[in-house]
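Any read-out appearing in this document is the output of simple, stated calculations on the displayed coordinates, not a laboratory observation. Small disclaimer: the values here were computed from a predicted structure and weren't measured. Heads up, the Cβs are rebuilt from the backbone with ideal geometry, glycines too, and the neighbour counts pull from every protein chain shown.
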Amino acid sequence: MTKDLRSFIAELEAQSPDDIARVSQPISPRYEITALLTQLEKRKQFPLLICEKVQGSDAPVVINAQASRRLMAMALQCEPRELARTFSERQGKPIPPVEMINAPVHEVIQIGDDADLAQVPLLTHYDVNAAPYVTAGIVVAVDPDTGVRNTSYNRLMMAGTRELRIFMAIGRHLWTLHNKLERQGRPLPIAIVIGVHPLFSLGAQAFTPATEDEYAVIGGMMGEPLRLVKAKTVPIPVPADAEMIIEGQILPHVRRTEGPFGEFTGHAVSQDERPVIEVTAITHRNNYIFQDVHAGYTEHKLMGAVPREAALIKAVRQTVPTVKNVCMPVSGNCRFHAYISIAKRTPGQAKNAICAAFAADMLLKHVVIVDEDIDVFDEEQVLWAVSNRFQADKDLVVIANAQGSELDPSAGPGGVNAKMGLDATKPLDGFAPELRVPEDVMKTIRLEDFLPRFSK
């Protein structure tokens with residue numbers, strides 16, 4: 001079965017129906033869906049949400065497809081703690097795409113003035129938002145010199161029936177491609193992919209060199225060749241099984257106001273002058289499903305965590321081969337904090353791991369290195385290690401005036417910030433013993449035998 005958003009929903013309904021929630025009554029895309037999601041979030045509940053009757057559109061909205069490690073692990077067919085390792089393995093086995101003549105995403109074709117963004121159920125998440133946004137749009141661009149395809153998530157503000165305004169992180173591949181063509185006075189053709197299998201999403205966020213075709217990486221993540229079809233108005237092959245494609249071009253030397261927008265930090269970023277996309281076509285499946293991301297909350301943070309964790313393991317392992325695992329927790333926006341466990345062999349390894357982590361990911365602000373007996377996915381254990389194994393006068397690393405995220409609300413101009421590394425590992429020359437019940441007693445005295453009510 002082709003891996004697309006519909007097949008993922010069907011698999012989830014068959015295997016874990018409690019992880020899906022459907023809203024059958026009418027609901028507004030302006031604030032109301034976000035209000036529902038926020039209430040679920042406060043209860044630590046993260047079902048894949050399907051809003052079947054969205055006011056102003058015939059299309060249902062799917063959201064929260066990547067709101068938990070459990071959902072992503074189901075997609076990758078691994079344990080939640082093995083997400084980064086499994087991701088890395090699949091990233092290392094790219095599968096080239098295949099091209100088709102006809103495709104589901106071309107069942108409905110709207111070109112030129114027939115392409116109307118007002119007919120699409122774009123969500124307005126918060127009162128601070130200047131307009132509705134595309135939050136689950138994966139932008140595809142092709143390097144005109146090499147033919148290499150690049151994929152990336154970018155926030156996209158609706159500014160008219162055929163106009164979007166885009167935020168691109170400085171220095172990333174899409175920004176570089178646009179910059180190159182803009183210096184030549186040329187627009188950058190793009191395609192915006194909406195409604196995909198979570199494995200497509202994960203592959204689209206992989207950290208790859210600019211020379212690697214990310215469609216092949218996505219194929220490797222999915223375990224099957226990605227099916228492509230020629231776009232209708234731009235020279236880009238697009239995913240045949242996506243729910244929707246918005247075709248267009250990023251105009252050269254045009255900047256218009258974008259924002260404010262509620263970012264992954266849970267804070268609003270202010271207005272600024274951003275590049276403009278002229279929409280040339282919209283194609284979609286019959287009875288398409290529109291996909292959105294719960295901006296500023298867990299899904300928005302978590303969806304990028306696994307690719308970053310995989311990249312971090314690989315990078316730190318170059319310096320410290322005994323890396324065991326990495327977690328970028330939701331508490332750190334899955335961007336700013338990293339907990340890294342190592343099997344410490346030499347006194348300076350933890351600090352080397354700190355330096356390697358900061359060198360690998362400029363968004364990181366705080367890195368905590370712990371021993372392999374600490375579960376990095378259990379924040380209480382990590383903080384326990386900091387409490388019991390860390391002394392600031394000898395275990396703290398501070399780097400001032402470094403490049404960080406421009407979306408960090410506490411950073412200075414251009415995202416310049418301070419970085420902090422904590423060596424919360426035990427010294428190799430002995431440490432206070434921890435309290436342990438003899439293992440044979442732990443095996444003999446079972447909770448279910450003595451207190452069955454508490455063993456469930």
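Using Cβ point charges alone (K and R +1, D and E -1), the dipole size of the chain about the Cα centre works out to roughly 580 debye. By the count of other C-beta atoms within 10 Å, a proxy for reagent exposure, 439, 299, 163 are ordered fewest to most as 439, 163, 299.
Amide H contacts of residue 274 (H built 1.01 Å from N, in plane; Pro and chain starts excluded): 256, 257, 258 sit under 5 Å, all sequence-distant by 5 or more or on other chains.
Amide H to amide H distances under 5 Å link residue 59 with no residue, where only residues 5 or more positions off or on other chains count and H is placed in the peptide plane. Fully extending the segment from residue 398 to residue 183 would add 73.5 nm, taking 0.36 nm per residue of separation and subtracting the current Cα-Cα distance. With a threshold of 25 Å on the Cα-Cα distance, the over-threshold entries among 344/419; 93/419; 42/314; 42/351; 3/44 are 93/419; 42/314; 42/351; 3/44. Taking Cα centre as origin and charging only the Cβ of basic (Lys, Arg, +1) and acidic (Asp, Glu, -1) residues, the dipole magnitude of the range 68-292 rounds to 380 debye. Each 10 Å bin, from zero up to the one with the longest distance, holds this percent of the alpha carbon pairs of the range 106-181: 16, 40, 35, 9, 0.
The Cα-based radius of gyration and maximum Cα-Cα distance (Dmax) for the range 305-424 are 13.2, 40 Å. Sequence-ordered 3J(HN,Hα) estimates for the range 310-319 from the Karplus curve with 6.51, -1.76 and 1.60 and θ = phi - 60° stand at 4, 5, 5, 4, 4, 5, 5, 4, 5, 9 Hz, glycine and proline given as x. To test your reading of the geometry: what angle, between 0 and 90 degrees and rounded to tens, separates the Cα axis of helix 379-389 from the longest principal axis of the chain? Its long axis makes an angle of about 40 degrees. Using the average count of surrounding beta-carbon atoms within 10 Å as a protection proxy, the listed peptides 9-18, 198-207 rank, highest first, as 198-207, 9-18.
Report, in degrees rounded to the nearest 10, the 0 to 90 angle that the Cα long axis of helix 5-15 makes with the longest principal axis of the chain. Approximately 40 degrees, to the nearest ten. Taking packing as the residue-averaged number of other Cβ atoms within 10 angstrom, the listed peptides 70-76, 187-193 run from highest to lowest as 187-193, 70-76. Annotation: aspartates and glutamates with alpha-carbon distance below 12 angstrom to residue 394 (same-chain offsets under eight excluded): 423. The alpha carbon centroids of the range 287-323 and the range 364-412 are separated by 18 Å. Listed peptides 210-220, 313-323, 361-371 appear in the order 361-371, 210-220, 313-323 once ranked by packing, highest mean of other Cβ atoms within 10 Å at the front.
Couplings 3J(HN,Hα) of the range 55-71, computed from phi: 4, x, 8, 8, 8, x, 10, 10, 8, 6, 5, 10, 8, 8, 5, 5, 5 Hz, in residue order, whole Hz [Karplus 6.51 cos²θ - 1.76 cosθ + 1.60, θ = phi - 60°; x for Gly and Pro]. Counting other Cβ atoms within 10 Å as a rough exposure proxy, the listed residues 279, 306, 254 run 254, 279, 306 from fewest neighbours to most. Of all aspartates and glutamates in the structure, the ones whose alpha carbon falls short of 17 Å from that of residue 301, not counting any fewer than 8 places away in one chain, are 41, 263, 292, 309, 361, 379, 406, 408.
Of 339, 377, 359, which is farthest on the positive side of the dipole of the range 305-424, counting Cα position, with +1 on Lys and Arg Cβ, -1 on Asp and Glu Cβ, and the Cα centre as origin? Result: 359, furthest along the dipole toward the positive end. Using the Karplus relation 6.51 cos²θ - 1.76 cosθ + 1.60 with θ = phi - 60°, the per-residue 3J(HN,Hα) values for the range 110-127 come to 10, 10, x, 5, 6, 7, 10, 5, 5, 7, 8, x, 5, 8, 9, 7, 9, 5 Hz, with x marking Gly and Pro. The overall shape of the range 68-292, judged from the alpha-carbon gyration tensor, is rounded, with an a/c ratio under 1.5.
Legend: calculated FRET efficiency, residue 355 to residue 436, from the Cβ-Cβ distance at R0 = 35 Å, rounded to 0.05, equals 0.55.
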